[in-house]
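We did not get these values from a lab; they are worked out from the coordinates using the rules stated. All of these numbers come straight from a predicted model, not from anything done at the bench. Here the Cβ is made from the backbone with ideal geometry for all residues, glycine too, and neighbour counts use every protein chain on show.
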Amino acid sequence: MARWEPDAAGRLREAALDLYVAQGYEQTTVTEIAGRAGVTARTFFRHYADKREVLFAGAEPLEAGMVAALADAPPDTAPLEAVGAALDAAAELIGGDHAHSRRRQSVIAAHPELHERELIKMSRMADALTRGLADRGVPPDQARLAAEAGIAVFRIGFERWVAGPSKGDLATVLRESLDQLRGLAS
């Protein structure tokens, strides 16, 4: 592919994931990723700070989508239900490509450095949801509890989804996980 073809960032993400799966994260270089995507290493660094970040490029839009869905929930919605709306948004944003998500998750799970980065991403999402709930008037301690519970549901539901059949629906799995959490409280 020539350097001027569109969606260099997307090609870089796919090339990186293909290489990480085929030869391992540690063994893959930025030069190899760029070459496979048909761009230069310089182009790689215009889009991503390092080879780790290419796996986490969707974190900001995911967080923004979840926060927007939480904010758009009707004003009288209970905190955990508003978090449920955020989970629905997450499923819509990332639930469309099961095979990609499964491959990405296998790379992250195999490398402590990447797993740590994933946990940092989840912590930031919990902080954003906490702020969003506080903006809705939820007391800070309750906002934090609901947000952290929602992120736990997200993580566990996502893990179930990627481990499950390829025809599974992420939104359904997340809602079932949220219902399971409610059941534990009764």
Around Leu178, under 15 Å between beta carbons, what's the net of Lys plus Arg minus Asp minus Glu among the other residues?
-3
Cut-off is 10 Å between beta-carbons; in what order do Ile151, Ile120 appear when sorted fewest neighbours first?
Ile120, Ile151
Cleavage-rule hits (trypsin sites (Lys or Arg not before Pro)) in region 153-185: DSSP loop, at most 13 neighbouring Cβ within 10 angstrom
Lys167
Compute the Cα gyration tensor for region 1-145, then decide on rounded, prolate or oblate, letting a ≥ b ≥ c be the square roots of its eigenvalues: rounded whenever a/c is under 1.5, prolate when a/b is larger than b/c in the other cases, and oblate in all that remain.
prolate
What shape does region 8-54 have by the C-alpha gyration tensor, where a ≥ b ≥ c are the square roots of the eigenvalues, rounded means a/c under 1.5, and otherwise prolate means a/b greater than b/c and oblate the rest?
prolate
Expressed as a whole-number percentage, the relative contact order of the chain with C-alpha contacts under 8 angstrom and at least six residues apart is 20 percent
State the extension gain, in nm to one decimal, for the chain segment bounded by Ile120 and Asp135, taking 0.36 nm per residue of separation less the distance between their alpha-carbons.
3.1 nm
For region 91-166: relative contact order, % (alpha-carbon pairs under 8 angstrom, 6 or more apart):
34 percent
When every alpha-carbon pair in region 62-186 is counted, what percent end up more than 19 Å apart?
46 percent
Placing +1 on each Lys and Arg Cβ and -1 on each Asp and Glu Cβ in region 36-186, then taking the dipole about the Cα centre, the residue among Thr43, His111, Val67 whose Cα reaches farthest towards the positive end is Thr43
Rounded to the nearest 500, the 222 nm mean residue ellipticity computed for the chain from DSSP H runs (n ≥ 4, each -39500 (n - 2.57)) alone is -24000 deg cm²/dmol
Mean Kyte-Doolittle hydropathy of 1.0 or higher plus an axial Cα length of 15 Å or more: which whole DSSP H helices in the chain meet both?
79-94
To the nearest Å, what is the center-to-center distance of region 4-65 and region 117-136, using C-alpha atoms only?
25 Å
Work out the charge dipole of region 58-185 with +1 on the Cβ of Lys and Arg and -1 on the Cβ of Asp and Glu about the Cα centre, then indicate which of Leu93, Pro165, Thr130 is farthest towards its positive end.
Pro165
